[in-house]
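Peer 1: Submitted below is the structure of interest, expressed as structure tokens.
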């Protein structure tokens, strides 16, 4: 019963999170002694599909239909479930993207499979079933859950497994979807993408700032630091509530949880709700002029000082490092 | 228009999370429970869309009697009536089946869910219910406008947003931006006491998951402080020691 990994394309290319899902699927297939098949939906050229081979995808199924190039929730769910049925897949895996969050639960219902969202590592396979580890309480804890059905659908938290190269020769097969009009219950009217910025949910580095910045007009130095570090920008809840930054940048218990390699927090005190959203960061740096700020308790590195003096120095030093 | 808003009862965001019975149970002693913050946004938007008698809002909750104060809070925010399915919401699949069963017997135009509940972060009930009912679903919706038999929705995507047209009936899950959360006023709180709250028994649903145990995140070591007049050395540390830049 093979493993099926669904890889999401954006504008015909795969992001790091898609390759991570393949790496994960490959490792799982070795543990379960099963084969790995990878499914791509959308117009992706041969060169991009062959990239998947670097991470262990021996068999790649590709659906090149025009009407499926942009994500269509029900259609993608139906197609993934159909392919899973056709190849008798036992596990369906994909990266936990915004689209996957809406679509993977539908796949799970179609396959009568248990669903585990945003798992943070390889499952443990016991005699009674598969046990997965996922974040709960919005980053304040982890849970180990046993999945009780024969088939499972798993989404992988971005930046939790990493890229593992296992180059194999790849076999690409084009397949035709068998969908019905009811699979197209939503119609995309427009897509607005901010292409210059690095997207926060899968960012490897994040520069975040809070009320200590005093106002939205002071954000240029945050954006400059993010740019030189190749980082996404983020903020605390009071900042997005005040309209200084968009809601999509709000990191915290009622915003998004991030798991970058580096999280730099500038002028954020570190309320428990914000800390929940950053707890999976590998390295946390805190810059705050208040030495008692709670954030320092969970920081790996810290500077007690005025952000308006410290950040420009960090930008200069980072530019020198790059140069 | 008939709106169904599905709500969760979750620990307050300031709660320090810990576990009992050898890390197998969430320790609820002393924990304050609240309406899931994303569900507040669902109710606020449903109330806006219902203004002028244009809509009726039903709150649906799968939970035990202890959740009733949270259901009354949802009613105080402007919903018209509520239903509680008397069961422990043990996993998303179970909850989704209870909700879908209720929906099959009552025709709703729009089903609202939160993008996730802040306790188990499953983000699955919306998609599961929609699939069981065979209707479209849009997750992580930050804007919802109605236009006759259709809705125009903005959903969050990586680095941007997508604008979609959806036929009614459909399900959506709410995120920040959909509406501003409101505080219930005195009139809302008073009227909530007498608004109808019906209790139904659950249907039987097979188990798909079980929780084995919990784990708290590993505490980090002591912070390494860098002097503010030597801020540049932080960059060298991040590069050569932490190796993250």
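Peer 1: If you scan segment A:236-247, which residues turn out to be in contact with a helix residue (DSSP H, G or I) (Cβ under 6 Å, 6 or more places away or on another chain) and more than 17 Å from residue B:37 (Cβ to Cβ)?
Peer 2: Applying the first criterion (in contact with a helix residue (DSSP H, G or I) (Cβ under 6 Å, 6 or more places away or on another chain)) to segment A:236-247 yields A:236, A:238, A:240, A:244-245, A:247.
The answer is A:244, A:245.
Peer 1: Any chance you could count how many residues in segment B:52-75 are in a helix (DSSP H, G or I) and either surrounded by 23 or more Cβ atoms within 10 Å (Cβ to Cβ) or under 17 Å from the mean Cα position of the chain (by Cα) (or both)? Please lay out each step first, then the result.
Peer 2: Taking segment B:52-75 and keeping what is in a helix (DSSP H, G or I), we get B:52-53, B:65-75.
Applying the additional criterion that residues be either surrounded by 23 or more Cβ atoms within 10 Å (Cβ to Cβ) or under 17 Å from the mean Cα position of the chain (by Cα) (or both) yields B:67-75.
Here the count works out to 9.
Peer 1: Residue A:191 - would you say it is under 24 Å from residue A:79 (Cβ atoms), in contact (Cβ under 8 Å) with a residue 24 or more places away in the chain, buried (at least 16 other Cβ atoms within 10 Å of the Cβ) and not assigned by TED's automatic domain parsing to the domain that holds residue A:277?
Peer 2: Working: under 24 Å from residue A:79 (Cβ atoms): yes; in contact (Cβ under 8 Å) with a residue 24 or more places away in the chain: yes; buried (at least 16 other Cβ atoms within 10 Å of the Cβ): no; not assigned by TED's automatic domain parsing to the domain that holds residue A:277: yes.
Here the answer is no, as residue A:191 does not meet what is asked.
Peer 1: Oh, and also: Looking at (1) touching a residue at least 60 places away in the same chain (Cβ under 8 Å); (2) more than 11 Å from chain A (Cβ to nearest Cβ); (3) under 25 Å from residue B:124 (Cα atoms), which is the only condition residue B:189 fails?
Peer 2: Every listed condition holds for residue B:189 apart from (3).
Peer 1: While we're looking at this one, here's another question. So is residue A:120 more than 8 Å from every other protein chain (Cβ to nearest Cβ), crowded, with 19+ Cβ neighbours inside 10 Å and either in contact with a strand residue (DSSP E or B) (Cβ under 7 Å, 6 or more places away or on another chain) or touching a residue at least 60 places away in the same chain (Cβ under 8 Å) (or both) or not?
Peer 2: no
Peer 1: Any residue at all in segment B:96-118 that is within 12 Å of chain A (Cβ to nearest Cβ) and free of Cβ contacts under 8 Å to residues at least 40 places away in the same chain? Spell out the reasoning first.
Peer 2: If we filter segment B:96-118 for residues that are within 12 Å of chain A (Cβ to nearest Cβ), which is where we start, we get B:96-97, B:100, B:113-118.
Checking the rest, the ones that are also free of Cβ contacts under 8 Å to residues at least 40 places away in the same chain come to B:96, B:100.
Yes, some residue in segment B:96-118 is within 12 Å of chain A (Cβ to nearest Cβ) and free of Cβ contacts under 8 Å to residues at least 40 places away in the same chain.
Peer 1: So, one more: When you check residue A:104 against the structure, is it crowded, with 22+ Cβ neighbours inside 10 Å, facing chain B (nearest Cβ under 8 Å), out of contact with any strand residue (DSSP E or B) (no Cβ under 9 Å at 6 or more places or on another chain) and modelled with pLDDT of 95 or more, yes or no?
Peer 2: no
Peer 1: Restricting to segment A:155-182, count the residues that are under 16 Å from the mean Cα position of the chain (by Cα), more than 12 Å from chain B (Cβ to nearest Cβ) and assigned to a strand (DSSP E or B).
Peer 2: Residues flagged as under 16 Å from the mean Cα position of the chain (by Cα), more than 12 Å from chain B (Cβ to nearest Cβ) and assigned to a strand (DSSP E or B) within segment A:155-182 amount to 1.
Peer 1: Going by the structure shown, is residue A:70 on the phi < 0 side of the Ramachandran plot and touching a helix residue (DSSP H, G or I) at 6+ places or on another chain (Cβ under 6 Å)?
Peer 2: Considered against the rule, which asks whether it is on the phi < 0 side of the Ramachandran plot and touching a helix residue (DSSP H, G or I) at 6+ places or on another chain (Cβ under 6 Å), residue A:70 comes out as no.
Peer 1: Restricting to segment A:268-284, name every residue that is buried (at least 21 other Cβ atoms within 10 Å of the Cβ), more than 7 Å from chain B (Cβ to nearest Cβ) and over 15 Å from the mean Cα position of the chain (by Cα). Full working, then the answer.
Peer 2: Pass one, segment A:268-284, residues buried (at least 21 other Cβ atoms within 10 Å of the Cβ): A:268, A:270, A:273-279, A:281, A:283-284.
Keeping just the survivors that are more than 7 Å from chain B (Cβ to nearest Cβ) gives A:268, A:270, A:274-278, A:281, A:284.
Scanning segment A:268-284 gives A:268, A:270, A:274, A:275, A:276, A:284.
Peer 1: Next question, about the same structure. Being exposed (fewer than 14 other Cβ atoms within 10 Å of the Cβ), modelled with pLDDT under 95 and under 30 Å from residue A:136 (Cβ atoms), is that true of even one residue in segment B:142-151? Explain how you work it out, then say what you get.
Peer 2: Of all residues in segment B:142-151, those exposed (fewer than 14 other Cβ atoms within 10 Å of the Cβ) come to B:145, B:147-149.
Remaining after also requiring modelled with pLDDT under 95: B:147-149.
Checking the rest, the ones that are also under 30 Å from residue A:136 (Cβ atoms) come to none.
Looking through segment B:142-151, none of the residues is exposed (fewer than 14 other Cβ atoms within 10 Å of the Cβ), modelled with pLDDT under 95 and under 30 Å from residue A:136 (Cβ atoms).
Peer 1: All but one of (1) crowded, with 19+ Cβ neighbours inside 10 Å; (2) facing chain A (nearest Cβ under 8 Å) hold for residue B:171; state the number of the condition that does not hold.
Peer 2: (2)
Peer 1: Moving to a separate point now. With more than 22 Å from the chain's Cα centre (by Cα) and either within 29 Å of residue A:195 (Cβ to Cβ) or free of Cβ contacts under 8 Å to residues at least 12 places away in the same chain (or both) as the only criterion, which of A:100, A:75, A:47 stands out? Write out each step before concluding.
Peer 2: On the way: A:100 fails: more than 22 Å from the chain's Cα centre (by Cα); A:75 fails: more than 22 Å from the chain's Cα centre (by Cα).
Matching residue, one of A:100, A:75, A:47: A:47.
Peer 1: Which condition does residue A:199 not pass, out of (1) in contact with a strand residue (DSSP E or B) (Cβ under 9 Å, 6 or more places away or on another chain); (2) more than 20 Å from residue A:288 (Cα to Cα); (3) part of a helix (DSSP H, G or I), if it passes all the others?
Peer 2: Checking residue A:199 against (1) in contact with a strand residue (DSSP E or B) (Cβ under 9 Å, 6 or more places away or on another chain); (2) more than 20 Å from residue A:288 (Cα to Cα); (3) part of a helix (DSSP H, G or I), the one that fails is (3).
Peer 1: State which residue is nearest to the other protein chains (Cβ to nearest Cβ) when the search covers only segment B:130-157 and only residues that are assigned to a loop (DSSP other than H, G, I, E, B) and closer than 14 Å to residue A:187 by Cβ. Please lay out each step first, then the result.
Peer 2: We begin by selecting, within segment B:130-157, every residue assigned to a loop (DSSP other than H, G, I, E, B); these are B:134-136, B:148-149.
Still in the list and also closer than 14 Å to residue A:187 by Cβ: B:136, B:149.
Values: B:136: 3, B:149: 13 Å.
Among residues in segment B:130-157 that are assigned to a loop (DSSP other than H, G, I, E, B) and closer than 14 Å to residue A:187 by Cβ, the one nearest to the other protein chains (Cβ to nearest Cβ) is B:136.
Peer 1: Quick check: anything in segment B:210-217 more than 14 Å from chain A (Cβ to nearest Cβ) and farther than 25 Å from residue A:255 by Cβ?
Peer 2: No, segment B:210-217 contains no residue that is more than 14 Å from chain A (Cβ to nearest Cβ) and farther than 25 Å from residue A:255 by Cβ.
The values are calculated or read from the model by the stated rules, or taken from the named source; none is laboratory data. In this text the structure is predicted, and so the values were computed from the model without any measurement. Heads up, the Cβs are rebuilt from the backbone with ideal geometry, glycines too, and the neighbour counts pull from every protein chain shown.
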